[in-house]
Amino acid sequence: MARTVRVAVTGAAGQIGYALLPRLASGEVFGPDTRVELNLLEITPALPALEGVVMELQDCAFPLLDAVRTTDSAEEAFDGINWGLFVGSKPRGKGMERGDLIRENGPIFVGQGKALAKAADDVQVLVVGNPANTNCLIAKAHGVGGGIPAERFHAMMRLDQNRAMAQLALKAGTRVESVTNMTIWGNHSATQYPDAENAQIGGRPCTDVIGHIGWLQGEFIELIQQRGAAVIAARGLSSAASAANAALDHVRSMEGKTPDGEWFSAAVASDGSYGIEEGLVFSFPVRSSGGGNWSIVQDLEFSDFAKEKIQATEAELKEERDIVADLI
Ligand code: NAX
């Protein structure tokens, strides 16, 4: 065996955790030569339920799963981890505004960012818990304060990317793997901009293959922006299997080398690329050279329509940042 990876999952007794953990433990993300240790973090009242999840993980008898630890202490959970999947947060309650949710969940990421900086060094973090970009901004502020480089903090946009790829493939009547270079710009929210102008289908511009700009600039964008709400309306619960799947895709993409000429979407700290304010956790087209070394793909071109959409989602992220100014 070449190595062992230690992964922390927060909110591990939740529905995304339930879909995520068996797949992490199976070895499908880090490969057949890598052993996996899981550190599972929950709030104290959820620890009994988490024990049930641990029993099920044992009962899967995964050959690569070396250890499973549970705790309600963030510092314990983050001890020596290589990856932190920050899923745990409070769901949006009835009648709650987005701003309320941001204030409600923000403090979780202050504590976890600080705990991470104390407990881990060579670590990468994927924030899934909503509002993911702003929670990530908060965790990053405290992680960086403790010596973890800003580029190690990402927020999950992969579910939006996967949703967009699937819808483009359906529209084009083709297989999903022929859709590449699907960028989601900005925030994981209803202002996100799924960019069909720079996407490709079978190596050709998506706009040529679909040929229906009205659909791409209207129904398609709305479908992706509202997909999470549509799943909740249908299922009575938010996306869990697809969110877990996307988190694993994100980790795999960051750990592996992106094929030449391709990219994926991830929300990362802006370095000012495309005029986006430095430091904001903004979704860009990203390539990885392996081992989590990513860079933002440069020089993509946009129509005025796209520029407007990108500015709108940046404006929303600035507003969210202002709401949590005292936490960062
Ligand atoms: P659940 O409510 O099923 O699970 C959340 C879990 O987090 C609970 O078990 C809770 O006890 C735990 N938790 C709460 N505060 C915690 C803390 N301080 N430390 C550790 N654990 C804590 O929600 P689930 O469906 O699993 O969704 C989790 C989060 O993912 C939510 O914020 C949700 O909005 C977000 N999502 C993000 C997506 C994305 O694409 N970025 C898509 C899916 C999902 O909606």
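Here are some notes:
- For segment 276-319, the set of residues classified as closer than 18 Å to V125 by Cβ and open to solvent by 70 Å² or more (accessible area, probe 1.4 Å) consists of N293 only.
- Listed here are the helices (runs of 4 or more DSSP H) enclosed by segment 197-314 that have at least 1 residues being within 25 Å of N130 (Cβ to Cβ) and at pLDDT below 95: 219-225, 227-235.
- In segment 107-152, residue surrounded by the fewest Cβ atoms within 10 Å (Cβ to Cβ) [restricted to those that are free of Cβ contacts under 8 Å to residues at least 40 places away in the same chain and either acidic (D, E) or not in a helix (DSSP H, G or I) (or both)]: G147
- Qualifying residue in segment 204-220 (condition: open to solvent by 30 Å² or more (accessible area, probe 1.4 Å) and within 22 Å of the chain's Cα centre (by Cα)): no
- Neighbours by Cβ (under 6 Å, 6+ apart or cross-chain): first from segment 7-33, over 19 Å from A132 (Cβ atoms); second open to solvent by 10 Å² or more (accessible area, probe 1.4 Å) and near the ligand (Cβ under 9 Å from one of its atoms): A13/E42; A13/A46; A13/A49
The rows are residues; the columns are (1) away from the ligand (no atom under 16 Å from the Cβ); (2) open to solvent by less than 50 Å² (accessible area, probe 1.4 Å); (3) without any contact (Cβ under 8 Å) to a residue 24 or more places away in the chain; (4) not assigned by TED's automatic domain parsing to the domain that holds Q192.
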{"site": "L47", "(1), (2), (3), (4)": "no, yes, no, yes"}
{"site": "A61", "(1), (2), (3), (4)": "yes, no, yes, yes"}
{"site": "A77", "(1), (2), (3), (4)": "no, yes, no, yes"}
{"site": "R98", "(1), (2), (3), (4)": "no, no, no, yes"}
{"site": "N105", "(1), (2), (3), (4)": "no, yes, no, yes"}
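The values are calculated or read from the model by the stated rules, or taken from the named source; none is laboratory data. Note that this is a predicted model, so its numbers are computed, not measured. Here Cβ is always computed from backbone atoms with ideal geometry, including for glycine, and neighbour counts include all displayed protein chains. Note: accessible area is taken over every heavy atom of the protein model, side chains too, but ligands, DNA and RNA are not part of it. Shrake-Rupley method; radii C 1.70, N 1.55, O 1.52, S 1.80 Å.
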